[in-house]
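The structure appears below as structure tokens.
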Amino acid sequence: MKLICLKGESLNTIVYRGYAKASDLARISEPDVFDQTANPEGTQRDLKPWHAREAHAYADGAVERQTKYRIWPEILLNARDPSVVVTSKPDSNNLVKIKVLTEKIIKKNGVDPQISRVDGNHRLFYAAGYSDKTRKTKLKPLDVFVPFAMTIGLPRKEEAALFGDINSNAVKMNTSHLDHLRYRIVGEETIKKEELPLWIAEDLASDSESPFFDSVFLGGKRTPGKIYLISLDTLKVGVQTLLRESQELVKSEIPFDLKSKAIKNFWRAIKNTFLNEWNKPKTNMLLSYFAYLALSKLGAIVIDRSIRKVNPTIDEMQAQLLGVKNNINWAKDGTFKGFGGKGGADRAFEEMEKWLPLEYKLEEALKKLRES
């Protein structure tokens, strides 16, 4: 396949721009789909088939519109494997012929493709045509010309960063996916210093001693049949809330890893205290959004008190949660029936806080004050 392109720079990146049939671009490229189990180094978010079908219908002119003209923005590809493309020398107008060696391209089912789709996967997904005999669905190849840009030989890390740059402000982009990409790209040491809640959330998701281990949705493709307790974005928001409310964990002399361990101990105490609810998350409200935020806020008090008692252990935190255990019904028609959102989180926190044990007995303190 031959492509006529204009070689130039986009900011500080060499880019080859041109026009080609959407069907041809689809045939030579694939997405690199992030799957935290099967393809943890992937970049692309999980495909929404309905969105891909809408893109095909729009390009095919099968959508009723009041106006005539249709247009697609530029599709961005990266030839990760430079051996599958041959470029000529630029002429006086900087035009370049790119020969794509289609015989060398091996389809890899969305895992580390030779030519990856940095931006435009939904537009290209059905562009080569699609047929499903069981559902009697057939989409014809899109042999219409569309603009594209190609980079050659960009490392996967650079490509992932560009994907994040392009999609960071996109409507409905999965925030967990962008957070996890940023964590991978920037590196945990930098994230630890610049965005501690995200670093702790990633630690809670990846540490085998954490109750959230291997059960946090990081974005991308969901593993069929797998139960995710929480998304990375929600986990991060809860950590952020806990750190903001805590009077002890804010202290700079506490190392980052021990701040994370204190939070981990709290959630292990929560799991131990409410084990039945934790193991059956769909049957109760323990880890619903409002309850998770309320428990995060409660965690700041429990952790602070355990530190002040010089006993920030799981056992001590469980002891503090005993009153909550005995007086809160997490069933969907229980204590917090009808609660939701941040308002519900505030109300649920107030209800749980009153069941925490007193940190000290005021009468005894006053008595000693009188005697001093």
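Remarks
- Unique residue being within 18 Å of Arg27 (Cβ to Cβ) and at pLDDT 95 or above when the list is Val146, Val111: Val146
- Selection count, segment 87-106, where residues are within 26 Å of Ser116 (Cβ to Cβ) and either free of Cβ contacts under 8 Å to residues at least 12 places away in the same chain or crowded, with 18+ Cβ neighbours inside 10 Å (or both): 8
- Verdict on Asn39 being polar (S, T, N, Q), assigned by TED's automatic domain parsing to the domain that holds Val144 and at positive phi: no
- Check on Pro155, farther than 30 Å from Ala262 by Cβ and not hydrophobic (A, V, I, L, M, F, W, C): yes
- Checked against (1) outside the structural domain of Glu41 (by TED's automatic domain parsing); (2) at positive phi, Lys136 passes all but condition (1).
- Out of Lys251, Lys226, sole residue that is assigned to a loop (DSSP other than H, G, I, E, B) and over 17 Å from Phe213 (Cα atoms): Lys251
- Test: residue in segment 127-148 that is closer than 30 Å to Pro224 by Cα and touching a His at 6+ places or on another chain (Cβ under 6 Å): yes
- Restricting attention to segment 237-278 and to residues that are within 24 Å of the chain's Cα centre (by Cα) and among the aromatic types (Phe, Trp, Tyr), the residue that is surrounded by the fewest Cβ atoms within 10 Å (Cβ to Cβ) turns out to be Phe256.
- Set Leu204, Leu229, Leu198: member being more than 30 Å from Glu74 (Cβ to Cβ), surrounded by 15 or more Cβ atoms within 10 Å (Cβ to Cβ), under 12 Å from the mean Cα position of the chain (by Cα) and in the same structural domain as Ala269 (by TED's automatic domain parsing): Leu198
- In the set Val84, Val33, Val15, only one residue is surrounded by 13 or more Cβ atoms within 10 Å (Cβ to Cβ), of a type in the set (Val, Ile, Thr) and at pLDDT below 90; that residue is Val33.
- Some residue of segment 335-355 being among the β-branched types (Val, Ile, Thr), surrounded by 13 or more Cβ atoms within 10 Å (Cβ to Cβ) and either outside the structural domain of Ser246 (by TED's automatic domain parsing) or under 22 Å from Ser246 (Cα atoms) (or both): no
- Of the residues examined, Arg65 is not one that is under 13 Å from Asn109 (Cα atoms), surrounded by fewer than 21 Cβ atoms within 10 Å (Cβ to Cβ) and basic (Lys, Arg).
- Qualifying positions in segment 63-86 - without any contact (Cβ under 8 Å) to a residue 60 or more places away in the chain and either more than 21 Å from Ala52 (Cα to Cα) or charged (D, E, K, R) (or both): Glu64, Arg65, Gln66, Thr67, Lys68, Arg70, Asp81, Ser83, Val84, Val86
The values are calculated or read from the model by the stated rules, or taken from the named source; none is laboratory data. Every value quoted in this text rests on a predicted model; they were computed, and no experiment measured them. When we count neighbours, we look across all protein chains shown, and the Cβ atoms used for this are built from the backbone with ideal geometry, even at glycine.
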